[in-house]
Amino acid sequence: MPGPLDGYRIVDLTTMISGPMATCLLGDQGADVIKVEAPGVGDLVRRLGQPREGITATFATSNRNKRSIVLDLKQQADLDVFHRLADTADVVVQNFRPGVADRMGIGAEALRARKPELVYVSISGFGEQGPYAGKRVYDPVIQALSGLATIQGDRGRGRPRMLRVVIPDKVTAITAAQAMTAALLARERTGRGQHVRLSMLDAMVALAWPEGFAGHTFVGHEKDVPRNALAQDLVFETADGYMTTGAVSDSEWQGLTRALEHPEWLDDERFKTAGGRVAYAKERLDQTADVLRSRTTEEWMARLDAEQVPCAPILPLSEVIRHPQIEASDLLFESDHPVAGRIRQPRAAARFEQTPTTLERPAPTHGQHTEEILRELGIAR
């Protein structure tokens, strides 16, 4: 049974994470994604790690359900091939720095002049205007400029910290995938394509804003208090490891005091309201941490679950992938890659009742489908 985007073609000029992950989401959902790569290395992620014939772990998971064609867009013959390929596409997506695609002759204006109904997507680091528009960018740069590193900073000392997973890249990917499908839906209703622009910085600030920039939401009442000064670091040491637990509502707070056998906390004026528990988070969490050290994670989990208090063990990655909840959701699957061997990866997160997502194609080797795609275009070489 075909996926929900079966019949749509995405021509993907992107590299690294944000663009490839976005188009991978569409490929999982059935779109025909054609990855256009330059001669030589191609997408640099093919080499970032321990590659097996040009396939690294990150590349395998971010580029499945795609075909790869190698084109040297600096050569007129290959540029002509690209134009013919773009003429067959529903979406063309690129993440060059602003202005580069236009100079190459593959910008939105050039391609949409040939095919007005085309959806053209430009992903950038900072947008197309402003002092940073032309800067090179990687994920940590966006973590720094978006406030994420400040929000994530050490509580108390306030030293900024970076997240160890590339959150801005991935947030941009999800934003881009949603934008592409929204533009396709609009085209179905109006018959018109459009140019969709988004930047990593915009996506990350928008994601962080609701609570991270709460002190700057009400105009005229700004409070430049770093989020880390109030943030609840809900990592608790137990007698045999680590866990997390948290109480937001009154009923959860009451349940936590019962589970931890400290009913006197209910009489503490600082903690009688949700607002008070936030204002005095450090004191509340410090006393919670002192108690949780006295028993094992399993013992506390049983007590907290009985009181309907949110909680979970903090596990090594090797235990995460074997946790009963992960197994029950059938999240992870294994497959045989023709050159990289046995691969474990997650299925697409969204499940479609009538149009399920599947792994139709493992991540391609560099230029694996060049001849196949050229034949489809009626080009002989």
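A few points about this structure:
- The range 75-92 - residue that is assigned to a loop (DSSP other than H, G, I, E, B), touching a residue at least 24 places away in the same chain (Cβ under 8 Å) and not small (G, A, S) and, of those, surrounded by the fewest Cβ atoms within 10 Å (Cβ to Cβ): T88
- Of all residues in the range 101-152, those satisfying the criterion of being in a helix (DSSP H, G or I), open to solvent by less than 40 Å² (accessible area, probe 1.4 Å) and of a type outside the set (D, E) are A101, A108, L111, I142, Q143, L148, A149, I151.
- Single residue of the range 46-70 satisfying the filter (aliphatic (A, V, I, L, M) and open to solvent by less than 40 Å² (accessible area, probe 1.4 Å)) that is nearest to the chain's Cα centre (by Cα): A60
- When P4, P20 are screened for being in contact (Cβ under 8 Å) with a residue 40 or more places away in the chain, touching a Ser or Thr at 6+ places or on another chain (Cβ under 7 Å), at negative phi and in a helix (DSSP H, G or I), only P20 passes.
- Pairs where the first residue, in the range 157-182, is touching a residue at least 40 places away in the same chain (Cβ under 8 Å) and closer than 14 Å to I17 by Cβ and the second is open to solvent by 60 Å² or more (accessible area, probe 1.4 Å) and not in a helix (DSSP H, G or I), C-beta under 9 Å, 6+ apart: V166/Y138; D169/Y138
- Filtering the range 64-81 to residues that are within 26 Å of P362 (Cβ to Cβ) and out of contact with any helix residue (DSSP H, G or I) (no Cβ under 9 Å at 6 or more places or on another chain) leaves only D78.
- Taking every residue in the range 241-269 that is without any contact (Cβ under 8 Å) to a residue 12 or more places away in the chain and pairing it with any residue that is surrounded by fewer than 20 Cβ atoms within 10 Å (Cβ to Cβ) and among the small types (G, A, S), at least 6 positions away or on another chain, the pairs with Cβ-Cβ distances below 8 Å are E269/G276.
- Residue within the range 361-374 that is closer than 30 Å to D87 by Cβ, at pLDDT 95 or above, charged (D, E, K, R) and in a loop (DSSP other than H, G, I, E, B) present: yes
- Qualifying residue in the range 349-362 (condition: of a type in the set (D, E, K, R), open to solvent by 30 Å² or more (accessible area, probe 1.4 Å) and without any contact (Cβ under 8 Å) to a residue 24 or more places away in the chain): yes
- Single unsatisfied condition, D330 versus (1) free of Cβ contacts under 8 Å to residues at least 40 places away in the same chain; (2) surrounded by fewer than 16 Cβ atoms within 10 Å (Cβ to Cβ); (3) assigned to a helix (DSSP H, G or I): (3)
- Applying the set (1) closer than 30 Å to V70 by Cβ; (2) in contact with a Ser or Thr (Cβ under 7 Å, 6 or more places away or on another chain) to T358 leaves exactly one unmet item: (2).
- Subset tally (residues that are touching a Leu at 6+ places or on another chain (Cβ under 7 Å), open to solvent by 20 Å² or more (accessible area, probe 1.4 Å) and either closer than 30 Å to A279 by Cα or among the small types (G, A, S) (or both)) for the range 170-200: 2
- Output for the range 338-378, where each listed residue is within 23 Å of the chain's Cα centre (by Cα) and of a type in the set (D, E, K, R): R344, R347, R351, E360, R361
- Residues satisfying the stated conditions in the range 29-45, i.e. in a helix (DSSP H, G or I) and open to solvent by 10 Å² or more (accessible area, probe 1.4 Å): L44
- Within the range 339-360, tally of residues that are in a loop (DSSP other than H, G, I, E, B) and either among the hydrophobic types (A, V, I, L, M, F, W, C) or within 30 Å of L79 (Cα to Cα) (or both): 8
- Lone qualifier among R284, R270 - being open to solvent by less than 20 Å² (accessible area, probe 1.4 Å) and farther than 30 Å from R114 by Cβ: R284
- Residue within the range 300-314 that is of a type in the set (K, R), surrounded by 12 or more Cβ atoms within 10 Å (Cβ to Cβ) and more than 24 Å from the chain's Cα centre (by Cα) present: yes
The values are calculated or read from the model by the stated rules, or taken from the named source; none is laboratory data. All values reported here derive from a predicted model rather than from experimental measurement. Cβ atoms come from the backbone with ideal geometry, glycine included; neighbour counts cover every protein chain shown. Just so you know, the surface numbers come from the protein's heavy atoms only, side chains and all, with ligands and any DNA or RNA stripped out. Shrake-Rupley method; radii C 1.70, N 1.55, O 1.52, S 1.80 Å.
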